[in-house]
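The values are calculated or read from the model by the stated rules, or taken from the named source; none is laboratory data. Everything quoted here is computed from the prediction, not taken from an experiment. Here the Cβ positions follow ideal geometry from the backbone for every residue, glycine too, while neighbour counts run over all protein chains shown.
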């Protein structure tokens, strides 16, 4: 339960530090929390609220009792103070305060009104707004690098846009140096920003780097740009491996359950009643809705819950020898669960994985279940057929495929069964990749090249009777490779 749910009124705090030193000593502060922005269990909570004295809108980070509590809040506060002293665009620090019983420490800063994440700003803005945002991002990164500042935990939620100005967030994870960043540190930070931006936003940012970053040192900038692709691939490999492991444990996004008869993981934001039904008896859900696929390997059922469409895939028991051979390897259900979230992190649209369930009542691998949100739309061959002579629509979907292809390349990934029927075009025109049973990523060079070639052959086979489509897809793929 969050503090918002527990609290029935303003919270009284004792100020221990303030940017207004005249009013800091022994001052009391009343804070009203309105909304939980982020909860890191047993460690940190972040709230939107306001000060009761002047109704100032604030963001308040509550650092809970923990062995690293003092270090965490001190980094946050000192980081905010340093960013403001360096005239780098960041929230204004107001107070450090402790609860009456001394258990939790709060760092309170001015709230940026109307702020959205950089990712959302790129998605919602028009062409001019996206250009302006990308240029401000490049200039703010340049200013930070010149001041010896970089984000130690780079991701899009660490940047906020209020429609006119860009801000640095999460001061507690900032790294500060007395001197301008080294070439290597600059490269790593630029790569860190690129891998966390959606493809269109990344292209805009990389274009802005050429005109707004290191304007007084073209030689260094060209060196960084030449090395950027390699740095991105290396960093993406590191991030995906780390995130893949994160999908197998309880964290902010996921919940792991180890029961007497099963092992499961589910999305923390999923409907609680649905998760309860799934964990108590996944087979009962297989009896609802309609059968989408029946086979020896797997059975797929579609059903609705609370007005939302889901797909439940049951991985059937294999023959005895096969089960013995795979006794110590991860199940296809678990691999597909993690792979779906790796694709999500890499901005490759896929079916949103909701939960995975492994029956552990037997010593040998038993039944496995994967619960996903259903992708609305039409499989790619049917969609292309429906377009008729409308080449503009087909060209748009070809461009969407090349974007997926490029993103898979960054992951050094092979789908394993890249037939056109494993791609769905949604109502909004987005292309979704699914059926991740054979998906692999982080492959060594030779395995990646073989898997990549097999994927391309499999995809192109779908258009063997339509040479004009083969030519279109090949042309788009050449544009990416160039």
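Numerical summary
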item	result
Members of the range 62-82 that are within 13 Å of residue 109 (Cα to Cα) and touching a helix residue (DSSP H, G or I) at 6+ places or on another chain (Cβ under 6 Å)	76, 79, 80
Test: residue in the range 442-458 that is modelled with pLDDT of 90 or more, under 28 Å from the mean Cα position of the chain (by Cα), on the phi < 0 side of the Ramachandran plot and not in a helix (DSSP H, G or I)	yes
Residue in the range 150-165 that is nearest to the chain's Cα centre (by Cα), counting only those that are closer than 12 Å to residue 91 by Cα and surrounded by 21 or more Cβ atoms within 10 Å (Cβ to Cβ)	158
Matching helices (runs of 4 or more DSSP H) fully within the range 210-325 where at least 2 residues are on the phi < 0 side of the Ramachandran plot and in contact with a helix residue (DSSP H, G or I) (Cβ under 9 Å, 6 or more places away or on another chain)	218-246, 272-280, 282-285
Matching entry among 400, 475, 396 (being out of contact with any helix residue (DSSP H, G or I) (no Cβ under 9 Å at 6 or more places or on another chain), surrounded by fewer than 17 Cβ atoms within 10 Å (Cβ to Cβ) and outside the structural domain of residue 297 (by TED's automatic domain parsing))	396
Residues (surrounded by fewer than 19 Cβ atoms within 10 Å (Cβ to Cβ) and not in a helix (DSSP H, G or I)) located in the range 126-147	126
Residues satisfying the stated conditions in the range 173-187, i.e. in a helix (DSSP H, G or I) and either surrounded by fewer than 16 Cβ atoms within 10 Å (Cβ to Cβ) or at pLDDT below 95 (or both)	173, 183, 184, 185
The range 10-34 residues that are outside the structural domain of residue 76 (by TED's automatic domain parsing), paired with ones that are at pLDDT 85 or above and in a strand (DSSP E or B) (beta carbon under 7 Å, 6 or more apart)	none
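Each row is one residue, and each column tells you yes or no for (1) modelled with pLDDT of 95 or more; (2) farther than 30 Å from residue 447 by Cβ; (3) crowded, with 18+ Cβ neighbours inside 10 Å.
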| residue | (1), (2), (3) |
| --- | --- |
| 364 | no, no, no |
| 380 | yes, no, yes |
| 387 | no, yes, no |
| 390 | no, yes, no |
| 406 | no, no, no |
| 409 | no, no, no |
| 415 | yes, no, yes |
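Each row is one residue, and each column tells you yes or no for (1) surrounded by 12 or more Cβ atoms within 10 Å (Cβ to Cβ); (2) over 21 Å from residue 285 (Cα atoms).
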position: 226; (1), (2): no, yes
position: 240; (1), (2): yes, yes
position: 259; (1), (2): no, no
position: 267; (1), (2): yes, no
position: 273; (1), (2): no, no
